[in-house]
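Below is one structure; the comments refer to it alone.
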Amino acid sequence: MEHTLFVIGKLFTTALALVIAYQAYRGYQRHHTQLLLYVAAGFALVGLGGLLEGVLFELLQVSIFEAGFVAAAVTAAGMLSILYALYAPNP
């Protein structure tokens, strides 16, 4: 039961991150503000990072350490993208 709740939680979090990424991308298309593209990419990476851990561990039988490391690296890349969008000068 706990495993099922964990998977549901991961899927819900990933779905939320992808909805935010989609909305940021729509904002980029409307306003042509490049920084919104970085926000969209960042949230997509953050959302996919968590999902990637489960896929690597459960389906591809990668060790939990390696799966966690890859997921953390992808999530960190997403956060760096969002951080860049927040602090970069607006062109």
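Okay, here's what the table says:
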{"read-out": "Count of the stretch 70-91 residues which are farther than 13 Å from THR14 by Cα and of a type in the set (S, T, N, Q)", "value": "2"}
{"read-out": "The stretch 1-11: number of residues that are farther than 18 Å from GLY78 by Cα and open to solvent by less than 90 Å² (accessible area, probe 1.4 Å)", "value": "3"}
{"read-out": "Criterion: under 17 Å from GLY9 (Cβ atoms) and part of a helix (DSSP H, G or I) - qualifying residue of ALA67, ALA40, ALA44", "value": "ALA67"}
{"read-out": "Single unsatisfied condition, ILE64 versus (1) within 12 Å of the chain's Cα centre (by Cα); (2) open to solvent by 50 Å² or more (accessible area, probe 1.4 Å)", "value": "(1)"}
{"read-out": "Qualifying position, being exposed (fewer than 14 other Cβ atoms within 10 Å of the Cβ), among the hydroxyl-bearing types (Ser, Thr, Tyr) and at pLDDT 95 or above, among TYR84, TYR38, TYR28, TYR22", "value": "TYR22"}
{"read-out": "Filter pass, GLU53 being in contact (Cβ under 8 Å) with a residue 12 or more places away in the chain and acidic (Asp, Glu)", "value": "yes"}
{"read-out": "Looking only at the stretch 48-63, and only at residues there that are more than 15 Å from VAL7 (Cβ to Cβ) and in a helix (DSSP H, G or I), the one that is modelled with the highest pLDDT", "value": "LEU48"}
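Residue-by-condition table, conditions (1) more than 15 Å from THR75 (Cα to Cα); (2) among the small types (Gly, Ala, Ser):
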residue: THR13; (1), (2): no, no
residue: TYR22; (1), (2): yes, no
residue: TYR25; (1), (2): yes, no
residue: ALA40; (1), (2): no, yes
residue: PHE43; (1), (2): no, no
residue: GLU58; (1), (2): yes, no
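The values are calculated or read from the model by the stated rules, or taken from the named source; none is laboratory data. No experiment lies behind these values; they were computed from the predicted model shown. Positions of Cβ are backbone-derived with ideal geometry, glycine not excepted, and every protein chain shown enters the neighbour counts. Protein only, heavy atoms only, side chains kept; ligands, DNA and RNA dropped before computing areas. Shrake-Rupley method; radii C 1.70, N 1.55, O 1.52, S 1.80 Å.
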